[in-house]
Structures are given as structure tokens and as C-alpha cells.
Amino acid sequence: MDFSAINPVTLIASLIVASTPILLAALGELVVEKAGVLNLGVEGMMITGAIFGFAISVTVANPSLAPGLQPWLDPWMSPWMAPWLGMIGAAIGGAFMAFLFGLLTQYFLSNQVATGLALTLFGLGLSALLGQGYVGLKPPSFPKLDIPALTEIPYIGPMLLNHDYMVYVSLLLVLAVWYFLKFTRGGLVLRAVGENHDAAHAIGYNVTRIRLMAILFGGACAGLGGAYLSLVRVPQWTEGMTAGAGWIALALVVFASWKPWRLILGAYLFGGVTILQLNFQAVGVTIPAAYLSMAPYVVTILVLVIMSGDRSSAPASLGRVFHASH
Amino acid sequence: MKFMKTLATGVAIAVGLSGAALAADKVKVGFVYVGPVGDGGWTYEHNQGRLAVEAELGDAVETIYQESVPEGADAEAVLTQMALGGADLIFTTSFGYMDPTLAVAAKFPNVKFEHATGFKRSDNVSTYSARFYEGRAVQGLIAGRMTKTNKIGYIGSFPIPEVIRGINSAYIHAKKVNPDVEFSVIWAYTWFDPAKEADAATALIETGHDVILQHTDSTAPQAAAEKVGNIITFGQASDMAEYGPLPRVSSIIDNWAPYYIARTKAVIDGTWASTDTWDGIGAGMVGIGDISSAVPADVRAEAEALRDSIASGAYQPFTGPVNKQDGSVWLAAGETADDGTLAGMGFYVEGLTGEIPN
């Protein structure tokens, strides 16, 4: 056992990378649930985002893959554009899947649980189909924040200030969602729809449209989370590569009691203990590997359950079907 | 409602019967996979074997498969469904399907089952596996010669004999060419989770390991190693040539096609019987992928010589003197391990650190 082999700087840097996909996906689901909709299709939207982001990124970076597109792509060939276009494509892909869900549950009033599960299965299948030509390709590397004065700060620099831009985008998104839900009129309306859709409807808000917008945002976030996996964290395309991350994101929303800041805590705790246990194993810590392996789940649940002692509860209309005639 | 139910049952029976009548002239072969067919590794190669059966036997067979079937109780439902669906022969391609396979086989005595990498058989359950540890010996040699930090990382999936054999074999042969070498094993507790596999590879790299061996199914560790640079990896189950010449310097390739074709033919001919097959490099079930240009010529020649001596049977990777981790003698000088001990291997050899989880 040699703890000195574990470098806390790289450990924390890896932890942040490992946490970002579930943070993004959970943030989207939080907004959806705040609007009173339970979308269990996070996994399906994530994996769709993963392949959309990967395919677009790789195609833009290697125009030879799509000769027909070449004249269109040339102006976009800067190394900056490929990853960002990939991320935007991933958000659109995720939102497209979410749109299907929204259409079925909000307009055709289908069961949200069943539709969400179907969305996961559909996403896994669709992404496998779309991804057939992309196995074994290497995506362009994602641009990193690299401001010499900041990056060179001892410890803090490489730990926190030298990540790919998506890490900061995800944190800014959390901030934005928190601000939106807490301080804006739009956020108040969205929460009203989630707490009591009949009352919101009675005072003239279009419940269905507000929910659909929340669902689209949720899908876009899940898509970003998926693309973060395929473009930054792994980085490659493999069928089924989300491997349950969407379900962890779903659980995280509940354990974070629908509070954006707790999502950061939960996601980083989960990612952190995951990375820590792998590092412990790598240097041969004598704790049995089975305990180390279950630690991320146990620690995250424990901490968040203890924190949720303030009786924050689920949005009252969560998962209930709304129809204006009722 | 009752009428509808009766009608539905009637239709179901009629469809079932016509299905059975149609299927009578074709042998239906089912495959149960632990990951997706596009994993680029283990399941990919099993699916290549399935496609080879279709190509070879054409109209005489019909194949079906189910991907990403969890190990354990869920597998029983999938197997039962396949057997009820008229499958004549079912290949269950992961260790964790062992007990479900036997349980379902007992209920369907007329269906033949083949379980990969297990050790429990019955009248209608065969087992088959490949001697991957032969390939691990070649990897160990290359790893021992190529490492600069003398620290080699190994991503294990589950602590089962199959994986432990690979670790032991790689370690013995790395140590033989480089006495200073140390192994660190990370148990991922999954066969397929690209993000976790990549994280495990990254953790090993960040703690100073410059050679990564993997016993998980996806190409994610290769991608993680490529991202860092100057790391050496080996393709697992499949060639993973797209990550060569660096980080992937060689690979173990599983070749199930000849076996799958032979066993399907046996069902067609009516000669199928429960057996235990365990073939290695010599029989072609285990292939060693091209050793890339990143490996110096002398190391390459040494590795190929080892491969050839294993293939010819002149050398067995577990040849004494070998001690167990606790220092007790396992194999005396010149003694080779018997298949029984290898099949149930639950201990590390001397020099490996850490404990095998239960």
C-alpha cells in the first residue's frame, strides 16, 4: 500500500470529470420533475445525446467521412467548432427524444412511467443503430480552459481551473437553474405547475406547454450528459455506453430533494467516491474491493438522506396526468 | 372480456403451433449475450460466431439472440422464453449464466444448452471455454519487457477463476522477464461499463502504471490510455486494432466460430452430446493479435516464440516451480497444472499483492 502514489490534484480533477455526466442529466430531470412530470427515459435520452454528439463531432472534424457535406463544413473546420457543434447536436438529439415523450404524455395523456421506460429502450436501440459506423473512431479533443495565470496557481490551478469547458458550463447551468427556479417569475410559474396543475390552469397558465418546455430542457441536459461521456470522459462511442448512468441521475434528483445545489454535492460525492475507490484499489488498499465498490452508492445515499431531514418533499403533482377538462 | 381472453389464447396456440411446424425443418439456435453486440470485445466476438453459423449453414438454421442480459435470475426468464420459443440449441455466453442455464435446462430436457466459461454440466448442458490464460502469458511477457515504471495495472471484472487465471498467467510471465515488476488489480465488478472501465484505466495511469491489461469487455480503457499517451494496452476478446499501434500493442482474439458451427451441426445430425471443451492457441480458439510496430523487434520475436511453443504444446504457461501467494508450493519444478485446478483457480501466485475478494 502506497498512498503517496495517489496525487490529490489529479484525483480531484478526475472526480470532476466523472461527476459531470450525471450532474447534467440530473439537473435536466430536476427541472422536469419540478414541473410535475416524471420522465424515466433519462438513460435513453443520454445515450441518444452520446451518439448524436459523437457522430456530429467526428463528422465535422473529419470531413472525409461525409464527402457530400464537405463544402458546408469547411468554414467550420476550426478545432473549436467540432466539439461544440457536437454538444449542440447532442442537446438537440436529447430534446428530440424528450419531445416524443412530451407529445405522448402531455397531448395523448399516456402513462408517464411506461412512456419513460419505453423511451429508454427506444433510445438504446436507436443509438445502437445510428452508431454502427462510429465504433473505434476517435473524437476531436474537447477544448480546455487554459489561462496561464490561472492554470499555474499551485494545486488549485490543475485541480479546478484547467478543465474542459463543459465542466464550467454544467456548473453555470446549475447556477442558472437555481436562480430561475428561485428568483424569477418563470420559475415560480413552473413550480406552481408542478405543485398544483389544476390551480395553475385555473389562473390561466398553459400547463401543457410549460411542461413540454421543461421536458425539452430535461432532454437537452440529458443529451449533454451523454455527449460528455462519449466526447470527454471515455472518449469513444460504444453501444450501451451509458450503462445505467441515467438511472443514477434519476435517483440523485430524489436524494437531492429537488434542490439544484444538492445535486452538485450528490453528483460530486458519487463521482468522487467512485474515483477514490478505484484509486484505492490501484495502490492496493487492504479494504475488501467489494466494500470499496459499493461505497459510492452507500455514501451518496447516506449523506443526502441525512441532509433531507428538512422535510423537503416531491412536487405535489409529480407524475399526475393533467387534462384541461378536469 | 372472457371471450376475448379465450380468443387470444386460441390465436396464441394456433400461432404457436404453426410456428412449431415451420421451425421443424430448421434448427433454431439462440445466443444470450451479457453486453451489446457492438461492445467491440467479448460479445462482439460471440456475435461474429453466430453470424458464421448462419453463413456456414444457411437455410438449415435460424439464429436468435438477446443482448445485455443481466447475469443471475433475470437470465432465467430470457432462457425460458427462448426455449419456449422453439430454440433447439442455446449458447449462454457469460460465466454468471451458469446456474440459470442449469435450472432452465432441467425444465427443457429436449433443448440443448452450451454454457461458456462455466464448470457445471448435465445431460443437456455442455460447457466450453478458451484457454485465454495462454494469451495472457504472451501479454505478460510483452508487458514485463515494455514497462518503464515496472508497475502494471490490471482491470479485473469479477473475481472468478477465469479472471484469476489470467492475472496469474500474465504475472508469472511478466516477472520472468522483469523481476522488478509489480501488479495492481482493480476489480470493476462489471463486464461492461465503458465509463467505469475508462475511470479504472485513468486511476491506474495516474498512480504510475504504464501498462494496462483489461479483463472487461469494452474498448474504453484503450480510449482512456490513448488520451493520456505513452501507455500500453492489449486488445481483449477482440483485436481492437483501431487503437494500434499505440496504446494497443497486441491482443487476445476469441474465435468461437468453428465451435459454434460444429455444435450446431451436431444438433442437426443428432450427434450432440454433453461435453466439456477447453481449447487454446493450438486449436485456434485463442488468437494472438498482430504485435504492433511499437514493440521492439527482439521483444516481438520473444513473444512470438512463446506463443508458438504454447501452440505446439511444448510449453504450458503454468509450469513449476510456482508457489502460491502464501509461499506454499503449488507446482514443483517441471510440474504442470492440471485442468481441474485451473478450472477452479481461486488463489494468487507468489509475488502478487492484495487479496482476492470473495
Assuming 1.306 mPa s and 10 °C, estimate D for the stretch A:3-310 with Stokes-Einstein, Rh taken as the Kirkwood radius over Cα pairs, in µm²/s.
-> 79
Mind checking which lysines have their C-alpha under 24 Å from B:Lys196, skipping anything on the same chain fewer than 8 residues away?
-> A:Lys138, A:Lys144, B:Lys151, B:Lys227
For the stretch B:70-138, rounded, prolate or oblate, judged on the Cα gyration tensor with a ≥ b ≥ c (square roots of eigenvalues), a/c < 1.5 rounded, else prolate if a/b > b/c?
-> prolate
At 222 nm, what helix-only mean residue ellipticity would the protein assembly as shown give, in deg cm²/dmol to the nearest 500, using -39500 (n - 2.57) for each DSSP H run of four or more?
-> -17000 deg cm²/dmol
With only Lys, Arg, Asp and Glu charged, each at its Cβ (+1 for the first two, -1 for the last two), find how big the charge dipole of chain A is about the Cα centre; round to the nearest 20 debye.
-> 640
Just how far, in whole angstrom, is the stretch A:219-290 from the stretch B:67-120 if you go by their alpha carbon centroids?
-> 32
For the stretch A:197-287, just the Cα set please: Rg and Dmax, both in angstrom.
-> 18.2, 62
Anchor A:Lys182: lysines whose Cα lies under 19 Å away (excluding residues fewer than 8 positions away in-chain) | A:Lys34, A:Lys259
Relative contact order for chain A, counting Cα pairs under 8 Å that sit 6 or more residues apart, in percent | 37
Residues of type aspartates and glutamates that B:Lys26 reaches as a straight line, Cα spacing below 18 Å, ignoring anything fewer than 8 places off in the same chain = B:Glu54, B:Glu56, B:Asp59, B:Glu62, B:Asp88, B:Asp269
Overall form of the protein assembly as shown per C-alpha gyration tensor (a/c, 1.5; a/b vs b/c) | oblate
So, over other residues within a Cβ distance under 14 Å of B:Ala105, counting Lys, Arg +1 and Asp, Glu -1, the net charge is -1
Specify the longest stretch of chain A that does not include any exposed loop site, a site being one of the chymotrypsin sites (Phe, Trp or Tyr not before Pro) with a non-H, G, I, E, B DSSP assignment and at most 15 other Cβ atoms within 10 Å.
-> A:156-326
May I ask for the net charge around A:Val167, where only other residues with Cβ less than 12 Å from the Cβ of A:Val167 are counted and Lys, Arg are +1 while Asp, Glu are -1?
-> +1
Step through the residues of the stretch B:281-298 one at a time and calculate ³J(HN,Hα) from phi using the Karplus curve (6.51 cos²θ - 1.76 cosθ + 1.60, θ = phi - 60°), rounding each to whole Hz and writing x for Gly and Pro.
-> 5, x, 7, x, 6, 10, x, 9, x, 3, 7, 6, 5, 6, 9, x, 4, 5
Filter on B:Lys120/B:Lys175; B:Lys112/B:Lys265; B:Lys148/B:Lys324 - keep pairs with C-alpha separation over 23 Å | B:Lys120/B:Lys175; B:Lys148/B:Lys324
Net charge of Cβ neighbours under 12 Å - reference B:Pro317; Lys, Arg +1; Asp, Glu -1 | +4
Treating only Lys and Arg (+1) and Asp and Glu (-1) as charged, each at its beta carbon, one finds that chain B has a dipole about its Cα centre, in Debye to the nearest 20, of 440
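Values in this text are rule-based calculations from the coordinates and carry no lab data. Note that this is a predicted model, so its numbers are computed, not measured. Counting neighbours? That spans all protein chains shown, and the Cβs are built from the backbone with ideal geometry, glycine included.
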